[in-house]
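One structure below.
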Amino acid sequence: MISSIFEEGRFVRQIFPLVLLLAIAAVLVPGSARPAATAGTPLTAAVGQGDSFSITLKDAAGHAVTQLDPGAYTITVTDYSTLHNFHLFGPGGVDQTTAVDGTGTVTWDVTVSDGVYTYRCDAHPTQMKHTFRVGPAPPATPKLSGKVGPGNTISLKKGSAIVKALSAGTYKVTVRDVSTKDNFHLLGPGVSKKTAVRGKRTITWKLRFKAGKYTYRSDAHKKLKRTFKVITPPVP
Ligand SMILES: [Cu+2]
């Protein structure tokens, strides 16, 4: 009985304060509770090593950064030169720079989102400039191929299929006019493009098709004519 009271007293006086202290410490030192929260994927930036006109941003494997996933990054930046600086800017208010006339190593915690980011030296903004994309690349512009001739033929194809209907949008249309008697004239909402009747040539047009009916024809022979329609796809 006496010994158990003694033990209880010892707990209150010596062990309980220690437990309390540890509990408080866990709350007050946030790094111990969530160590990963502020540590982004590491990247390494460098500018002007040996006063050279080089500016780089590399991933942990040493590859130049051309594309990143959105998220948090920790960039260790070494500015080697008093002739150059490292300036990173892009969407989401990201705008971090070292001083042109300074040198040294700094660490930036940066969160990037979809879009194009630029890093450059402000003293040599055209010579020392690179960009990288965050998020997926935009879809490639679809290609169409038009042809007039030889003989009385005219076509517009997507791959090997004659175009009958397209979704509205931007297309790269490469036309081969191999006839000196006909031309390739493409017209419709917002578009009127043609080659010369007498000449031969290959040309690529970047065209924006809107909903409606389009025609391609030879201006020299009215019967050499086809149409296709452009529709606006439903919004997903
Ligand atoms: Cu520079």
Please give the Cα centre distance for the range 163-236 versus the range 56-81, rounded to the nearest Å. 45 Å
Set the bar at 25 Å for Cα to Cα. Now go through LYS58/LYS206; LYS147/LYS222; LYS147/LYS229; LYS157/LYS206; LYS129/LYS193 and name every pair that lies beyond it. LYS58/LYS206; LYS129/LYS193
Average accessible area per residue (Å²) across the range 41-134 - probe 1.4 Å, nucleic acids and ligands excluded: 50 Å²
Correct semi-axes for the range 62-108, from √(5λ) of the alpha-carbon gyration tensor and rounded to whole Å with the largest first, are 21, 13, 10
How much area per residue is accessible in the range 143-231 when the probe is 1.4 Å and only protein heavy atoms are counted (Å²)? 58 Å²
What are the ³J(HN,Hα) values, in whole Hz, obtained from phi via the Karplus relation 6.51 cos²θ - 1.76 cosθ + 1.60 with θ = phi - 60°, for each residue of the range 81-90 in sequence order, with x given for Gly and Pro? 10, 8, 9, 10, 9, 10, 10, 10, 8, x
Each label sits 7 Å from Cα toward the beta-carbon; between SER167 and HIS124 the label points are separated, in nm, by 4.4 nm
In terms of the ratio Rg/(2.2 N^0.38 Å) built on C-alpha atoms, what value belongs to the range 143-231? 0.98
Please report the accessible area of ASP51 (heavy atoms, 1.4 Å probe, ligands and nucleic acids excluded) in Å², nearest 10. 80 Å²
Residue-level accessible surface for PHE53, protein heavy atoms, 1.4 Å, Å²: 110 Å²
Can you tell me how much longer the chain between ALA137 and ARG208 gets when fully stretched, taken as 0.36 nm per residue apart minus their C-alpha distance, in nm with one decimal? 23.6 nm
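The values are calculated or read from the model by the stated rules, or taken from the named source; none is laboratory data. For clarity, every value in this text was computed on a predicted model and none was experimentally measured. When we count neighbours, we look across all protein chains shown, and the Cβ atoms used for this are built from the backbone with ideal geometry, even at glycine. Ligands, DNA and RNA are excluded from the accessible area calculation, which covers all protein heavy atoms including side chains. Shrake-Rupley method; radii C 1.70, N 1.55, O 1.52, S 1.80 Å.
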